[in-house]
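This report concerns only the one structure given below.
FYI, it's all coordinate maths here, none of it is from the lab. Just so it is clear, the structure is predicted and the values come from calculations on it, not from any experiment. Note that each Cβ is placed from the backbone with ideal geometry, even for glycine, and that neighbours are counted across all protein chains shown.
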Amino acid sequence: MSSKTPNPFARIPAVDKVLHALTQREDIAPLPLALITREVRGAVESLREEVKNGRTDVPEFEEFVESSAKALDSLYRSRIHPVINGTGVCIHTNLGRSPLSVKAVEGITGVGQYYNNLELDLDSGERGKRGGFLEKCLATLIGAEAATITNNCAAALILMLKHLANGEKNEAIISRGELVEIGGGFRVPEIMEASGTRLVEVGATNKTSLEDYEKAITPKTGMLLKVHRSNFWMDGFTHEPTTEELVALGNAHGIPVVEDLGSGAMVMTDSLAPIPHEPTASEVLNRGVDLVCVSGDKLLGGPQAGIIAGRADLVAGIKKEPFFRALRCDKLILTAMQETIVEYLGAGEKPELPLLRMLSASVEDDLMPRAKAIVDSLKEIEGLEVGTVETIARCGGGTMPKAEIPSLALDFHPTSMSLPKLSKLLREQPLPVMGYIAEDRFRVDLRTVFPEQDGKVVENFLAIFRKV
Ligand SMILES: *Cc1c(COP(=O)(O)O)cnc(C)c1O
C-alpha cells in the first residue's frame, strides 16, 4: 500500500510515533531501546532522502512500522549467537571455525568472571609471565625447544617475518607455487610485503627446484619460507624440494627455514577418519625447520590463535618484537587454549575435543541411530517428506581440501514450500539450522550437528511446519 498525496513530505512518519507503535508490539525484537531508536531514525532519514530525490510512493504508517519491525528482527538475528551446523563442513569459517571443548569454555567462564593470575607469580607474589604455563604445554605437545602464542596464524607469520626478514636481511625467499590466498583476504605475498619483507619469488607455479632457492640467496636473505598450500592442491607436472632439502640449504648458508603450516593438526588425522595424513607441527620441526606456525582454531580444535614453535632463541626474539605486544592474546583465549592443550597432553591420540569427535564419528554406529530417531519424530509432518542420504562431509576451514569424509544427512523434501524458503525459515529460528540444498533436497549433515542438538533440529522443523 502506498499513498500519492500532493505532499509526500507530510506523510513521512515521525520517529517517536514509530517508536511508540513498535514498543507496543509483543513480537518486537528484544534489542536495547537506544539501538531501536537509532535504526528507526535512520530509516526515517533514508525515506526523507528518497522523497527529496523524487520518491512519491511514501508507505502508509502501518506499513512503515511493519518494515521497521522486520528490519529489527533481522538486526537481532545478526548478533553473534549459536547456530546448528548441518553443512557437513567441520571447520566452517562462517560458523566460527572450531567449536570449543566444554573444559575450554568452563575455563573461560571462571577466568573471565573473576580475577585471575594472568601476570602474577603466586610463589613470589611478584609480577609473573603471561601465558608461561601454556607455552610450556605447547612446547611439550609439539616437541619444540620453545613455543608461544599470538592472535592468529596470520599474526604469527607477520611476527616471524618482522623478526627474521627485516632491516639488513629483509629478504624472504618463497616458491611461486606457495603464494597462496588462504581465505578471508589472507594473501601470503601481501602479508609479507606489509611486514616490511622483500618477497623474493622463485621457481614457477608448478615447479620449484632447490637450485631456484639457492640462486636467490644473497647477503640480504633473512629466511627461507615454506607455506602449506592448505586450501588447494597441485597435481601433474609438479616439483618442489622437500623440507629436509630446504633445511640443508638453509643450514649451509646460515639462513633460518620457517614453515607456515596453517592447519594445526596435532594428532594423526588418518587415524581419526578415512582421510589423508596432514603434517603436524611436530613432524615439521623434526624435519629440521627453525620455526613453524599453525592456527589455533582449525584442526587443532581450539580458540582463534596462532602458535609459533621451534628454536628457543628465535621464539624469545619474537616475543621481544614491539608487534608482539600488539598481537598478543587476551586472558580468555589463553585460558581456552590452555585447557585445550592440557587435554591433548593428557589424552594422547584421543583428546576429548568436539572437532576431533566430529571428524571421527562413525556413520553406522553414531550417525545412523540419530538419523533414524530424527526421521521418526518428523515423518508424520504434513507437507514434509524426510529420509536419510549418504553424503560427503569436509574438514573445511581451508584444511585438507581433498579429504572426503563419508557421512550421513537428513534429506528433506518439502511439498508445501520451496527449498530456498525452507532454508530461509530455518535460518530465522531462534536457534538457526544451517543446511544445504543438493539434488533437489534440503540436507542437514549430522556429522557436524552436536548429538545434544538433535532435539532442537526436530523442534525447528515442527515450529515451521505447524505454521503452514
Ligand atoms: C589458515 C592459514 C593461515 C591463517 O591462519 P589464521 O589463524 O586464520 O590467521 C595462514 N597460513 C596458512 C598456511 C593457513 O592455512
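Here's the list of lysines a cross-link from Lys331 could span, going by alpha-carbon distance under 16 Å and ignoring same-chain residues fewer than 8 apart: Lys103, Lys129. Full extension of the segment from Ile392 to Met268, taken as 0.36 nm per residue of separation minus the current Cα-Cα distance, would add 42.6 nm.
List the lysines whose Cα sits under 25 Å from the Cα of Lys215, skipping any in the same chain fewer than 8 residues away. In chain and number order, the partners are Lys162, Lys169, Lys207, Lys226.
The rule of thumb for compact globular proteins, 2.2 N^0.38 Å, goes into the C-alpha radius of gyration of the stretch 8-77 1.08 times. In straight-distance terms, cross-link reach from Lys424 covers every one of the lysines whose alpha-carbon lies under 17 Å from its own, apart from those fewer than eight places away in the same chain; here that gives Lys70, Lys456, Lys467. Once the Kirkwood radius over Cα pairs is known for the stretch 232-373, the Stokes-Einstein relation at 10 °C and 1.306 mPa s delivers a diffusion coefficient of 91 µm²/s. Based on the convex hull around the alpha carbon atoms, the stretch 102-352 presents an average projected area of 14.3 nm². Computed log10 I(q)/I(0) for the stretch 311-432 at 0.10, 0.21 Å⁻¹: -0.59, -1.29, from the Debye equation with unit scatterers placed on every C-alpha and solvent omitted. Calculated mean residue ellipticity, 222 nm, the chain: -12000 deg cm²/dmol, from DSSP H runs (n ≥ 4) at -39500 (n - 2.57) each, averaged per residue and rounded to 500. Here the chain was treated as a single set of alpha-carbon atoms; its pair distances binned every 20 Å from 0 give 21, 42, 31, 7, 0 percent. Remark: spin-label model distance Asp57-Leu210 equals 7.2 nm, labels positioned 7 Å along the Cα→Cβ axis.
A full extension of the chain between Lys379 and Ala14 corresponds to an added length of 126.5 nm, given 0.36 nm per residue minus the alpha carbon distance.
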